[in-house]
Amino acid sequence: MGMIDKLMGAVFGSGNKALVETIEVFRENSEAGAERDAERAKAALEQFASEFARTQKGGFDRFMDGLNRVPRPAMALGTLGLFAAAMIDPAWFSSRMQGLALVPEPLWWLLGAIVSFYFGARHQVKGQEFQRSLAQTLAVAQAAAPRPEPGDDTNAALRDWKGSDGV
């Protein structure tokens, strides 16, 4: 037993700390890895929270946002309503569809253009708002990030190499 202890002490050093440090060269410390993962997840959640934090909007802006959310559900529910109407009263539905068939083609083109411009403009506005929020987040993150002083002293490996016989 004494010889094994001496051999292990020579290889790994005496004490548990040396053995732990030797093992951690080959395998990550699970507890430290979990702590790093938790910190990384916490930082990501904080970043998301700051990106999607709402700014205070006035009553008119909230009303218009609500009003802008009406057309898409109304069109989807209206289409489902047409299917229901066709099954409930086919004669009524048929007379309404005959009326739609009499609408001139240029009017259909105009309706298509209006709907396309409405949804296209809304898509563009939302995309620009998203880009603006990203730019603001990046500006805040860059302002909060520590800036290293110019020079080679910011690189620890280079500083150690200069201190050795490398230069």
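The values are calculated or read from the model by the stated rules, or taken from the named source; none is laboratory data. The model shown is predicted, which means the values in this text are computed figures rather than measured ones. Glycine also receives a Cβ, built like all others from the backbone with ideal geometry; neighbour counts cover every protein chain displayed.
General remarks:
- Verdict on residue 116 being hydroxyl-bearing (Ser, Thr, Tyr) and at pLDDT 90 or above: no
- Qualifying residue in segment 25-48 (condition: modelled with pLDDT under 75 and either closer than 17 Å to residue 141 by Cβ or assigned to a helix (DSSP H, G or I) (or both)): no
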